[in-house]
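The values are calculated or read from the model by the stated rules, or taken from the named source; none is laboratory data. Keep in mind the model is a prediction, meaning the values are calculated, not measured. Glycine gets a Cβ as well: all are built from the backbone with ideal geometry, and neighbour counts include every protein chain shown.
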Amino acid sequence: MPSSSAPTPPARPTRTLFSALTPGGERNLADTLRDERTGGLLLLAGAVAALLWANLAPDSYAAVAGTHVGPASIHLDLDIAHWAADGLLAIFFFVVGLELKREMVVGELRHVATAALPAAAAVGGMVVPAGIYLAVNAAMPGGAPQGWAVPTATDIAFAVGVLAIVGRGVPVALRAFLLTLAVVDDLLAIVIIAVGYTETVTLGLMLGSFACVAVFALALRRGLRSPFLLVPLALAAWALLHASGVHATIAGVLLGFAVPAAPGSAVRGGAADATDAHGDNSLAEHYEHLWRPVSAGFAVPVFALFAAGVTIEPSTIGATFTEPVGLGVVLGLVLGKPLGIAAATWLVSRFTRARLAPGLGWWDVIGVGLLAGIGFTVSLLVGSLAFGTGTVLDDHVVVGVLAASLLAALGGGAVLAWRGRVHAARAGGEVDPDAVDRAEEAARDPQAPAAVEDTAVPAPGTEGGHEPGATR
């Protein structure tokens, strides 16, 4: 009897796990990383991971952070923590430089009238925290005045991320005010790092770095956009500036400033379309669009991972609020920032023609001032420059910055969430504006009732107000 066998079933197609993203998926991921909320959450995740790792497995954390990588022949055998602070943060500062250049050419900083109010607020938000820190460290034994710049910085990713989460009803003008203030804050922080925390400089190496930046700028203006030319020039500029004694992140800022931000520069250079806020194609915006996901999704979270890893003990927490360094940082960020920003804004609006945008009031300014007290990335960097990475005083800075940033985020988030509901109700005509905010009315100068207006937000399509700081 002939044997019969069942037909062999066709092989099931295999599926690849963790396959590469499609082009559309890559674009969606990049767009997600450009979102302020995502950047802030990744930064927070890096800080939380650092604290957990440093406290649950301190030996492995110290071993990884202290692992040296790089060519010793050119003095680049840095440990991983320094690579994160000096190398990866250069990408962050490159994006900051691009943003500054674009704002100065086509943005809020191109006119004195529109830049006056947020610029003055940024200056006030740096001077007052520095003064509080210096006063605390002068009045208490064991003070360390060299950390005066720690509470002067604002972390734009965290601050804008919190505003994006809680401030759904606030006017667009308030976000523009915060962004412009943070951009000026970044510019001043860059100057402080370059001038205040550079001890010795090798002039020849620094000039060599500047020459690389100049060639980088010339290549871009001539339409030479090949990464095989630009990336080596950027790396050479970074390495030479690092060797010169100037903090290497400044190279990122200089390279960002070297990118053309004039309308149409992206099209003339053959770059992909990148439309800025004014509807003009800008090479600076194209590169910002390209590099922001790298900065927000990788560089800054990795920096947080190796900068925020401090062992939390009761003695460390207690020292943060009783020793001059930690106490000065906390008071400077939580109290000094909103006080300085509000005071500077009031002085400018009181004695010049600069005004807040229609719809904004003093509680909005105070809320922004509280958010500006989130001083994570640059504050931690300045702390490591002032006291040395991993020292006792640097640990006090880390805990102080974390505590102050948490308090500032909670306080600013609460104020702006309330203000968002107020603005949304006013826009919907659900409440009487005069009955909502009597505290704001009482805070105004009765001698100058027109100094700052707090009118209802215009209905869509009828906006005719000015941006923050605009003159009437």
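As a summary of the residue check, Ala266 satisfies the conditions (1) assigned to a loop (DSSP other than H, G, I, E, B); (2) modelled with pLDDT under 85; (3) of a type in the set (Gly, Ala, Ser) except for the one numbered (1). Filtering Gly411, Gly369 for residues that are more than 18 Å from the chain's Cα centre (by Cα), crowded, with 18+ Cβ neighbours inside 10 Å and in a helix (DSSP H, G or I) leaves a single hit, Gly411. Scanning region 231-240 for residues that are closer than 23 Å to Ser282 by Cα and under 25 Å from the mean Cα position of the chain (by Cα) yields Val231, Ala234.
For Val64, the stated conditions hold: it is at pLDDT 90 or above and under 27 Å from Ala296 (Cα atoms).
In the set Ala72, Ala113, Ala138, only one residue is surrounded by fewer than 20 Cβ atoms within 10 Å (Cβ to Cβ), farther than 17 Å from Val302 by Cβ and touching a strand residue (DSSP E or B) at 6+ places or on another chain (Cβ under 8 Å); that residue is Ala113.
Results for (1) in contact (Cβ under 8 Å) with a residue 12 or more places away in the chain; (2) among the charged types (D, E, K, R), shown as yes or no for each residue.
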site: Ala50; (1), (2): yes, no
site: Asp59; (1), (2): no, yes
site: Ala121; (1), (2): yes, no
site: Ala138; (1), (2): no, no
site: Gly142; (1), (2): yes, no
site: Gly147; (1), (2): yes, no
site: Ala153; (1), (2): yes, no
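Mind telling me which of the residues Leu117, Leu109 ends up being within 11 Å of Val183 (Cα to Cα) and at pLDDT below 85? Among Leu117, Leu109, only Leu109 is within 11 Å of Val183 (Cα to Cα) and at pLDDT below 85.
Scanning region 222-251 for residues that are surrounded by fewer than 16 Cβ atoms within 10 Å (Cβ to Cβ) and assigned to a helix (DSSP H, G or I) gives Pro227, Phe228, Leu229, Val231, Pro232, Leu235. Out of Gly469, Gly465, one residue alone is surrounded by 15 or more Cβ atoms within 10 Å (Cβ to Cβ), in contact with a strand residue (DSSP E or B) (Cβ under 8 Å, 6 or more places away or on another chain) and modelled with pLDDT under 50. It is Gly469.
Listed here are the residues, each with its yes/no results for (1) under 24 Å from Ala138 (Cβ atoms); (2) buried (at least 24 other Cβ atoms within 10 Å of the Cβ); (3) over 24 Å from the mean Cα position of the chain (by Cα).
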residue	(1), (2), (3)
Pro314	no, no, yes
Ala319	yes, no, yes
Leu333	yes, yes, no
Arg355	no, no, yes
Val378	yes, yes, no
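Of the helices (runs of 4 or more DSSP H) contained entirely in region 83-200, those carrying at least 3 residues that are within 30 Å of Arg421 (Cβ to Cβ) fall at 112-139, 156-166, 172-196.
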